[in-house]
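What follows is a set of notes on a single structure, which appears directly below.
The values are calculated or read from the model by the stated rules, or taken from the named source; none is laboratory data. Given the structure is predicted, the values throughout are model-derived calculations rather than measurements. Note that each Cβ is placed from the backbone with ideal geometry, even for glycine, and that neighbours are counted across all protein chains shown.
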Amino acid sequence: MDASRPLVAVLGGGAAGFFGAIACAEANPDLQVLLLEKTGKLLSKVRISGGGRCNVTHACETAAQLVAHYPRGSKQLKSAFQQFGVADTIAWFARRGVTLKTEADGRMFPTTDSSETIARALEEAARRAGVRIVTNVGADEIQPLPDGGFQLNISGSGASQLGPTVHASRLLIATGGNPKSANYDWLRALSHTIAEPVPSLFTFNVPDSPLSELMGVSVPQARVVLAGEKLQYEGPLLVTHWGVSGPAVLKLSAWGARRLSELGYVGTALVNWIPTFTEETLRPWLQQFRQENGKKTVAANPQCGLPQRLWRNLTEQAGIGPELRWSDVPAKAQNRLLELLLRSPLAVRGKTTYKEEFVTCGGVSLDEVDLKTMQSRRVPGLYFAGEVLDIDGITGGFNFQAAWTTGFLAGRAMAVSPTVAV
């Protein structure tokens, strides 16, 4: 390293770390920017996101629209998104030859439908900006120095390129979320409070599900309510071999992350398969339909736009045989069918991480970070970005947008010439 030039170090080779390193190096070419990644893989979450397509962000025109999708951090992020929001992300990638497209649900992907497009753009931007990247290097200890700056005691096979210590004028921590509280002890040692980590964005395990034979069946709009709680969300729902998934469940798990953890991931999920109906509107509708279609068999003629397999399953649960006609359905069975359409009970007994895309609720307390610059309020020269903070969004590109925004703001702030040259 060049001892005559100030060095800024970035811990974490993910989306936030890369964005922060690039922003810093581009804003101040006189700095040395060193990015350290503990593993041998760079941008691993970027590469697996969206089934390998990379859900870069979400089509929200204003910061106010954007913050509504963050169970943790919404209030604090508003000013940050006003500085660097969705339009800025789109423009950033466009300047580097990457065009994004918007899908019907608002999610935005590269037009190539390949996450490698995003990963290569980030790696090439880092190379052009002069960011030095070293993998297989972990920071065992971070020591703030009396005159400013930090000493990083490092280890790993990549440390041979740098020596046992690295001295940095400023330090960005972008190491991502972690489900184990003990893995934040090194940040507690830097005088920071940690909001206890719990999983977010997970699916529900229903081992004794009445829908177990319907794996792969989906509905475009369902409402999922956690019985006895004020937790509910509406959206597409997918029946899986272990329970239920899809945006309705994933988003509910995000908003209810802490409460579901307290409950031990045990409870009853009530599924409304036809949320455009209420009991007051569905009952007269069924009565009229029955009068007009009395000769039709119930099970063979799905209603309300529901898939055939799901409709047949619900009629079986209601005690309506495969040959029973509408005119012959007992009142008790019809009431049971109405109840199942509006409130199918599923006994949740655990959770499953959504594919390989885990998100953690928890991390560095936002009260101890200046969200305009991402600098620590406790340790001058220390910055944070990405999921290491107590910020998490629902599925749909929101966690990446938070990474781009916080990384960019941290990088630009660190680019202001450090006062300590090491």
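Listed here are the residues, each with its yes/no results for (1) of a type outside the set (D, E); (2) on the phi < 0 side of the Ramachandran plot; (3) at pLDDT 95 or above; (4) in contact with a strand residue (DSSP E or B) (Cβ under 8 Å, 6 or more places away or on another chain).
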site	(1), (2), (3), (4)
L286	yes, yes, no, no
V298	yes, yes, yes, yes
E316	no, yes, yes, no
G321	yes, yes, yes, no
L324	yes, yes, yes, yes
P330	yes, yes, yes, no
E339	no, yes, yes, no
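P197: farther than 17 Å from R312 by Cβ, surrounded by fewer than 19 Cβ atoms within 10 Å (Cβ to Cβ), in contact (Cβ under 8 Å) with a residue 60 or more places away in the chain and touching a strand residue (DSSP E or B) at 6+ places or on another chain (Cβ under 8 Å), yes or no? If you could, list the steps in order and put the result at the bottom.
Numbers: farther than 17 Å from R312 by Cβ: yes; surrounded by fewer than 19 Cβ atoms within 10 Å (Cβ to Cβ): no; in contact (Cβ under 8 Å) with a residue 60 or more places away in the chain: yes; touching a strand residue (DSSP E or B) at 6+ places or on another chain (Cβ under 8 Å): yes.
No; evaluated as a whole, the condition is false for this residue.
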Among the residues that make up the range 321-337, is at least one of them in contact with a helix residue (DSSP H, G or I) (Cβ under 6 Å, 6 or more places away or on another chain) and either of a type in the set (D, E, K, R) or in contact (Cβ under 8 Å) with a residue 40 or more places away in the chain (or both)? no
Determine whether S74 is closer than 20 Å to L389 by Cα, surrounded by fewer than 22 Cβ atoms within 10 Å (Cβ to Cβ) and of a type in the set (G, A, S). yes
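Out of V219, V239, V266, which single residue is within 30 Å of A318 (Cβ to Cβ), surrounded by 22 or more Cβ atoms within 10 Å (Cβ to Cβ) and either in contact with a Ser or Thr (Cβ under 9 Å, 6 or more places away or on another chain) or in contact (Cβ under 8 Å) with a residue 12 or more places away in the chain (or both)?
Details: V219 fails: surrounded by 22 or more Cβ atoms within 10 Å (Cβ to Cβ); V266 fails: surrounded by 22 or more Cβ atoms within 10 Å (Cβ to Cβ).
Step by step, each of V219, V239, V266 is checked, and only V239 is within 30 Å of A318 (Cβ to Cβ), surrounded by 22 or more Cβ atoms within 10 Å (Cβ to Cβ) and either in contact with a Ser or Thr (Cβ under 9 Å, 6 or more places away or on another chain) or in contact (Cβ under 8 Å) with a residue 12 or more places away in the chain (or both).
Working carefully through the options A25, A15, find the one that is within 14 Å of the chain's Cα centre (by Cα) and surrounded by 23 or more Cβ atoms within 10 Å (Cβ to Cβ). Let's see the steps before the verdict.
Details: A25 fails: within 14 Å of the chain's Cα centre (by Cα).
Matching residue, one of A25, A15: A15.
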Identify the residue in the range 318-339 that is surrounded by fewer than 16 Cβ atoms within 10 Å (Cβ to Cβ) and among the polar types (S, T, N, Q) and, among all such residues, is farthest from the chain's Cα centre (by Cα). S327
Can you find even one residue in the range 115-122 that is buried (at least 22 other Cβ atoms within 10 Å of the Cβ) and within 17 Å of the chain's Cα centre (by Cα)? yes
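What strands (runs of 3 or more DSSP E) lie completely within the range 306-422 and have 2 or more residues being hydroxyl-bearing (S, T, Y) and more than 26 Å from D30 (Cβ to Cβ)?
Numbers: elements: 344-349, 351-353, 359-364, 382-384.
Correct list: 351-353.
Let's see how each residue does on (1) buried (at least 18 other Cβ atoms within 10 Å of the Cβ); (2) touching a Pro at 6+ places or on another chain (Cβ under 7 Å); (3) in contact (Cβ under 8 Å) with a residue 24 or more places away in the chain:
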| residue | (1), (2), (3) |
| --- | --- |
| V137 | yes, no, yes |
| F150 | yes, yes, yes |
| T165 | no, no, no |
| L171 | yes, no, yes |
Which of the residues belonging to the range 28-43 are surrounded by fewer than 24 Cβ atoms within 10 Å (Cβ to Cβ) and either out of contact with any Lys or Arg (no Cβ under 9 Å at 6 or more places or on another chain) or assigned to a loop (DSSP other than H, G, I, E, B) (or both)? N28, P29, D30, L31, K38, T39, G40, K41, L42, L43
Going through the range 88-113 one residue at a time, which ones are without any contact (Cβ under 8 Å) to a residue 12 or more places away in the chain and within 20 Å of the chain's Cα centre (by Cα)? K101, E103, A104
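Confirm whether L122 is in contact (Cβ under 8 Å) with a residue 60 or more places away in the chain and either part of a loop (DSSP other than H, G, I, E, B) or under 23 Å from L11 (Cα atoms) (or both). It would help to see each step written out before you state the result.
Values: in contact (Cβ under 8 Å) with a residue 60 or more places away in the chain: yes; either part of a loop (DSSP other than H, G, I, E, B) or under 23 Å from L11 (Cα atoms) (or both): yes.
Yes.
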Read through the list (1) assigned to a loop (DSSP other than H, G, I, E, B); (2) of a type in the set (A, V, I, L, M, F, W, C); (3) in contact with a Phe, Trp or Tyr (Cβ under 9 Å, 6 or more places away or on another chain), then give the number of the only condition that W92 fails. (1)
